[in-house]
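The values are calculated or read from the model by the stated rules, or taken from the named source; none is laboratory data. As the structure is a computational prediction, the values presented were derived from the model and not from experiment. Cβ placement follows ideal geometry from the backbone for every residue including glycine, while neighbour counts extend to all protein chains displayed.
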Amino acid sequence: MKRALGVCYYPEHWPEAIWAEDAARMVETGISWVRIGEFAWSRIEPSFGDLQFDWLDRAIEVLGSAGLKVILGTPTATPPRWMLDKHPDMLAWDAQGRERGFGSRRHYDFSHDGYREECARIVDILARRYGANPHVAAWQTDNEYDCHDTVLSYSPAAERAFQNWLAETYGTIEALNTAWGNVFWSMEYDHFEQIALPNLTVTEPNPSHVLAFRRFSSDMVVKFNKVQVGLIRAQTDAPITHNYMGRVTAFDHYDVGADLEIASWDSYPIGFLSDRLEEPAAHKQRYLRQGDPDFQAFHHDLYRAVGKGRWWVMEQQPGPVNWAPYNPAPLPGMARLWAWEAFAHGAEVVTYFRWRQAPFAQEQMHAGLLRPDSEAAPGLAEAAQVAAELVEAPDVSAAQAPVALVFDYASQWAWETQPQGADFDYFRLCFEMYRGLRKLGLSVDILPPDCADLSGYKVVLAPGLLELSGALKGALERFDGQAMLGPRTNTKTGEMVIPVPMGPNIDGLDTVIALTESLPPSEMMPLLKGGTFVKWFEHLKGDAEVVEALVDGRPAMVQAGAIRYLAGWPDEEALARILEDLCEAAGVVTLNPPDGLRLRDTGAHRFYINYNAFEVEFDGLLIGAADVTWRPL
């Protein structure tokens, strides 16, 4: 597919007299797609039933006539104020039992029947009006599910819906009591209506109760999204997407993505480095104006999996944002680099946020491609450069990577529910494994936890999985490469109960986790071959072959055939060696590029992506600071 650029635009924010000029400048810049409408409910329907589409009709016509393809967003992330008067109990509640009020966005509870009906009504109206419009070439549902922590709600509406979900899931209260182990602390229930939400308990709630609530909350997002998709699809064949976010794991993105043609996500590299990554001060200083070299790539690969191969960047940072603790400007070249990095990972479209910086309200300090006075911001020239390069650049054809990492949302919920160690975080464990592979110069695919086919891969990592699905177990049994599982893989059931026999319960691997320790930052367990375990260590018993050991001789990693089980959380030194050894055993060539330089192989080209603020030399190429280049493989 031909790669293209887009931009987010809000015609309702600007005088209609400049719409045509804006559209012409977008096309002149090389932009092909424009997203509109996702926050415009109060202008579409200023009061209940008073539908005002004339302005939106004209906006779509102006943009489309200029040659732009419109992505039309459903406006359900921002219900207007009259909606709260009509449904005063539609607000989500936080874990402390407080309503989350009107005055910003995402002020709704996914479980509220009345609000879901209102959403279905407005989406149906939009789909009927614009489904056949030749300028509307794609649709977006809502906006950024779980932004501002809005998936988990502890409202009365959520409690009623949760009780119904439990009844449907477990069938009988006896089955639930058994599954959750409610005999402990006399927590047994007589009927489903007795079950409250797992907040405001005296001490921690039953982890089985919490995990069930997390699954329910995710299912509410899936249900909410599915209704919108069905209504849109009834009126158009245009693809439908949702724009996910970075390090947001409160709902299962694979489940939402099953109903969509395209996955997209909102990429803000500098904001994420400041706001969403636990990194040493020196790392954050080094990449202050570039973003972390691996965080964006991780999500590119994740959302390629969520989108079943098709994915976009729906919002790409072009300058300083407004929402992080600190908001520096990107280095010159980064708005170009981020776009090309996305294309190298298979993005079909990269859409910059936003066309013109807003002079009012919450995001007025968020840069766009234009300043509020319509003069060019620094990102505009870089967007135009990318557009010009796309004309001559090679087609970035997809190619399977040699290595894969399994990522699972339910495992994140499980280890948040029962971390056992204050700093055990599933996302972080997976991200460090991913980063370790990238530092070796490898391209990586991310796979869902129910993946049934590992053919073509030489190395597969599955750290921290709550439980191995039947599909993945079967794929591992057939796998002829090298797989590394653990730590904490397949150590609980789906109900958050320790299985008997105890984990990891991997066929052919004679080992059992007899005891688990979580380690404070002051405690380390050195490995015989170098490096150390931090945060986590599992005492293994059994006759499996030991391939890594602590300096005191205790097993640190064991192996049977193609399967290795890692019994701890390795530090950077240990992880680099373990991954390199694994790749060598599998016949995967590692390239070890300079620090800050990342490689990405496509079907026919290798991309060299330099996150450094200085030029580097590698593979016979001199790659400039904050630069990206490519050449045929």
>> Test of understanding: among Leu472, Leu465, Leu461, which residue is in a helix (DSSP H, G or I), buried (at least 22 other Cβ atoms within 10 Å of the Cβ) and modelled with pLDDT of 95 or more?
In response: Leu472
>> Looking only at residues that are more than 30 Å from the chain's Cα centre (by Cα) and of a type in the set (D, E, K, R) in segment 612-631, which one is surrounded by the fewest Cβ atoms within 10 Å (Cβ to Cβ)?
In response: Glu617
>> Looking at segment 543-554 only, could you name the residues that are more than 24 Å from Pro521 (Cβ to Cβ) and surrounded by 14 or more Cβ atoms within 10 Å (Cβ to Cβ)?
In response: Ala544, Glu545, Val546, Val547
>> Test of understanding: among Gly470, Gly474, Gly456, which residue is in contact (Cβ under 8 Å) with a residue 40 or more places away in the chain and under 29 Å from the mean Cα position of the chain (by Cα)?
In response: Gly456
> Among the numbered criteria (1) aromatic (Phe, Trp, Tyr); (2) assigned to a helix (DSSP H, G or I); (3) over 28 Å from the mean Cα position of the chain (by Cα), which single criterion is violated by Tyr189?
Replying inline: (2)
>> With the structure loaded, tell me whether Tyr611 is farther than 30 Å from Asp507 by Cα, in contact with a Pro (Cβ under 8 Å, 6 or more places away or on another chain) and among the hydroxyl-bearing types (Ser, Thr, Tyr) or whether it fails that test.
In response: yes
>> Between Leu166, Leu126, Leu176, Leu197, which is within 29 Å of Gln316 (Cα to Cα) and either outside the structural domain of Thr78 (by TED's automatic domain parsing) or part of a helix (DSSP H, G or I) (or both)?
In response: Leu126
>> Pairs needed: first member in segment 538-567, more than 21 Å from Val459 (Cα to Cα); second member anywhere, buried (at least 24 other Cβ atoms within 10 Å of the Cβ) and modelled with pLDDT under 95; C-beta distance under 6 Å; at least 6 residues apart or different chains.
In response: none
>> assigned to a loop (DSSP other than H, G, I, E, B), under 15 Å from the mean Cα position of the chain (by Cα), among the hydrophobic types (A, V, I, L, M, F, W, C) and not assigned by TED's automatic domain parsing to the domain that holds Tyr434: which single residue out of Ala297, Ala250, Ala305, Ala263 fits that description?
In response: Ala250
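Only one residue in Leu405, Leu370 is at pLDDT 95 or above, among the hydrophobic types (A, V, I, L, M, F, W, C) and over 22 Å from Leu277 (Cα atoms). Which one?
Leu370
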> Could you list, in sequence order, the residues of segment 18-44 that are over 16 Å from Leu5 (Cβ atoms), touching a residue at least 12 places away in the same chain (Cβ under 8 Å) and in a helix (DSSP H, G or I)?
Replying inline: Ile18, Trp19, Ala20, Trp41, Ser42, Arg43, Ile44
> Could you count how many residues in segment 454-478 are more than 22 Å from Ala410 (Cβ to Cβ) and either among the hydrophobic types (A, V, I, L, M, F, W, C) or not assigned by TED's automatic domain parsing to the domain that holds Trp569 (or both)?
Replying inline: 1
> Could you count how many residues in segment 503-521 are loosely packed, with under 15 Cβ neighbours inside 10 Å and either touching a strand residue (DSSP E or B) at 6+ places or on another chain (Cβ under 6 Å) or outside any loop (DSSP other than H, G, I, E, B) (or both)?
Replying inline: 3
> Which residue pairs have Cβ atoms under 6 Å apart, sit 6 or more places apart or on different chains, and have a first residue in segment 315-328 that is surrounded by 18 or more Cβ atoms within 10 Å (Cβ to Cβ) and a second that is in a strand (DSSP E or B)?
Replying inline: Glu315/Asp266; Gln316/Ser267; Gln316/Val350; Gln316/Tyr352; Pro318/Tyr352
> Across segment 372-398, what is the total count of residues that are over 25 Å from the mean Cα position of the chain (by Cα), buried (at least 16 other Cβ atoms within 10 Å of the Cβ) and assigned to a loop (DSSP other than H, G, I, E, B)?
Replying inline: 1
